[in-house]
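First comes the structure, then the notes that go with it.
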Amino acid sequence: MSEFNQPISGNDLARFSGPNTYMRLPQATSLAGLDVAVLGIPMDIGTSWRSGTRFGPKQIRAESAMLRPYNMATGAAPFDSLNIADIGDLAINTFSLKDSLRIIQDSYAAILGGSAIPVAMGGDHSITLPILRAIAAKYGPVALVHVDAHADVNDEMFGEKETHGTVFRRAYEEGLIVPDKTYQIGIRGTGYSAQDFAEAQSWGFQHFPAQELWGRQLHNMGAEIRRDIGNRPVYVTYDIDSLDPAYAPGTGTPEIGGLTTPQALELIRALKGLNIVGCDLVEVSPPYDPSGNTALTAANLLYELICVLPGVTTK
Ligand code: MN
Ligand code: MN
């Protein structure tokens, strides 16, 4: 028996049964003794186009039932050295975005009072602003690896300052992130103006537009980012719409010409060695994901993120 929590094996209990937790890990009611806390933030009231990400955590958990504990490509064995559990969903207020963001920030402050690294399943991308507020309160401004079709740096949307499209302008203004250690990877699509991306670059944000990544392997780019960050605390936020809609159609604001699934794996795997203090995977919208492939991909990318957290041993 391992001293660490283990996912229920598909050889012990049929994959289609058991608890709907991430990878069928134990559901923890306490943070005591946890190294990694996986949680759901089921919310879609910060989105601007298609809704449905409120169902993201439930569906990612369902598709994660097929994951096995060992990473055959990298040797990572997260459940051999870390105590990982699903701590359930945050009790957001679905009638108030503002109140929900406050609940997320307060919940993160409580989680970060312990030693567990939070790994969130969204939810739309607006969840990341209150997360970064709590992260910065603990660690100071962090480096940010932001994989997304969109830069999410609008000033406002319908006069609102806190939406899924304004997150990283607020994070910059509030000093939550180190601007020249902020990497926006996979951005593309049409703009409201020709200058949509230029202003963020003038703050220091480093941009990796999707079209510069087409047909490339991303190990080297990931390794360059890793070296540039060094041993600073870093937060990783992964918007599933960074992938091409051919790979991840179930999302709220799809943009053609995106990353491939292998590129996503290369990029995440290259981050091994960083001092990752938290991560999230956002914008999975199950109503637009009839095959389940988007949630399946999200479940796997979350697993890959867990595999590069500090303290994960390799076999
Ligand atoms: Mn986004
Ligand atoms: Mn996006």
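Answer yes if at least one residue in segment 283-294 is in a helix (DSSP H, G or I), touching a helix residue (DSSP H, G or I) at 6+ places or on another chain (Cβ under 7 Å) and within 16 Å of ligand 1 (Cβ to nearest atom), and no otherwise.
Taking every residue of segment 283-294 in turn, at least one turns out to be in a helix (DSSP H, G or I), touching a helix residue (DSSP H, G or I) at 6+ places or on another chain (Cβ under 7 Å) and within 16 Å of ligand 1 (Cβ to nearest atom).
Assess whether residue 172 counts as being under 24 Å from residue 41 (Cα atoms), in contact with a strand residue (DSSP E or B) (Cβ under 7 Å, 6 or more places away or on another chain), among the aromatic types (Phe, Trp, Tyr) and not in a helix (DSSP H, G or I).
No.
With respect to residue 118, is the statement that it is more than 24 Å from residue 303 (Cβ to Cβ), away from ligand 2 (no atom under 13 Å from the Cβ) and not in a helix (DSSP H, G or I) true?
So residue 118 fails the test.
Test residue 243 against the criterion of being free of Cβ contacts under 8 Å to residues at least 60 places away in the same chain, within 16 Å of ligand 2 (Cβ to nearest atom), of a type in the set (A, V, I, L, M) and in contact with a Gly (Cβ under 7 Å, 6 or more places away or on another chain), and give yes or no.
Yes: the conditions hold for residue 243.
Within segment 1-19, how many residues are touching a strand residue (DSSP E or B) at 6+ places or on another chain (Cβ under 9 Å) and over 18 Å from residue 309 (Cβ atoms)?
Adding up the residues that qualify gives 1.
More than 23 Å from residue 142 (Cα to Cα) and free of Cβ contacts under 8 Å to residues at least 12 places away in the same chain: does that describe residue 193?
Yes: the conditions hold for residue 193.
This table checks each residue for (1) away from ligand 2 (no atom under 16 Å from the Cβ); (2) closer than 16 Å to residue 240 by Cα.
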| site | (1), (2) |
| --- | --- |
| 265 | yes, yes |
| 270 | yes, no |
| 274 | yes, no |
| 280 | no, yes |
| 283 | no, yes |
| 287 | yes, yes |
| 291 | yes, yes |
| 295 | yes, yes |
| 298 | no, yes |
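Residues in segment 169-183: is at least one of a type in the set (Gly, Ala, Ser) and more than 18 Å from residue 135 (Cα to Cα)?
Taking every residue of segment 169-183 in turn, none turns out to be of a type in the set (Gly, Ala, Ser) and more than 18 Å from residue 135 (Cα to Cα).
Among 54, 15, 61, which is among the charged types (D, E, K, R) and assigned to a loop (DSSP other than H, G, I, E, B)?
After ruling out the rest, the residue left standing is 15.
Being part of a helix (DSSP H, G or I) and over 20 Å from residue 297 (Cα atoms): is that true of residue 105 here?
Yes: the conditions hold for residue 105.
Six or more apart or on different chains, Cβ under 8 Å: which pairs go from a residue in segment 247-265 that's part of a loop (DSSP other than H, G, I, E, B) to one that's among the aromatic types (Phe, Trp, Tyr) and within 12 Å of ligand 2 (Cβ to nearest atom)? Could you list them?
Pairs that qualify, where the first residue is part of a loop (DSSP other than H, G, I, E, B) and the partner is among the aromatic types (Phe, Trp, Tyr) and within 12 Å of ligand 2 (Cβ to nearest atom), are 252/49; 253/49.
Provide a single number: the residues in segment 225-264 that are crowded, with 20+ Cβ neighbours inside 10 Å, farther than 15 Å from residue 182 by Cβ and more than 16 Å from ligand 1 (Cβ to nearest atom).
1
Filter segment 70-102 down to the residues that are under 30 Å from residue 51 (Cβ atoms), of a type outside the set (Gly, Ala, Ser) and in a helix (DSSP H, G or I) and list them by number.
97, 98, 99, 101, 102
Cβ-Cβ distance below 7 Å, separation of 6 or more or different chains: which pairs start in segment 148-171 with a residue that is farther than 12 Å from residue 253 by Cβ and at pLDDT 95 or above and end on one that is within 12 Å of ligand 2 (Cβ to nearest atom) and not in a loop (DSSP other than H, G, I, E, B)?
Here the result reads 151/168; 151/184; 153/168; 162/126; 167/125; 167/126; 167/128; 168/146, each pair linking segment 148-171 to a residue that is within 12 Å of ligand 2 (Cβ to nearest atom) and not in a loop (DSSP other than H, G, I, E, B).
Would you mind telling me which numbered condition in (1) of a type outside the set (A, V, I, L, M, F, W, C); (2) more than 18 Å from the chain's Cα centre (by Cα); (3) on the phi < 0 side of the Ramachandran plot residue 163 fails?
Looking at each condition in turn, residue 163 falls short on (2).
Looking at segment 91-110, which of its residues are surrounded by 23 or more Cβ atoms within 10 Å (Cβ to Cβ) and away from ligand 1 (no atom under 16 Å from the Cβ)?
Of everything in segment 91-110, those that are surrounded by 23 or more Cβ atoms within 10 Å (Cβ to Cβ) and away from ligand 1 (no atom under 16 Å from the Cβ) turn out to be 92, 100, 108.
Which of the residues belonging to segment 285-315 are touching a residue at least 60 places away in the same chain (Cβ under 8 Å) and of a type in the set (Ser, Thr, Tyr)?
Selection gives 285, 288, 303, 313, 314.
The values are calculated or read from the model by the stated rules, or taken from the named source; none is laboratory data. What you see is a predicted model, and the numbers here were worked out from it, not measured in a lab. Every residue, glycine as well, gets a Cβ built from its backbone with ideal geometry; the counts of neighbours run over all protein chains shown.
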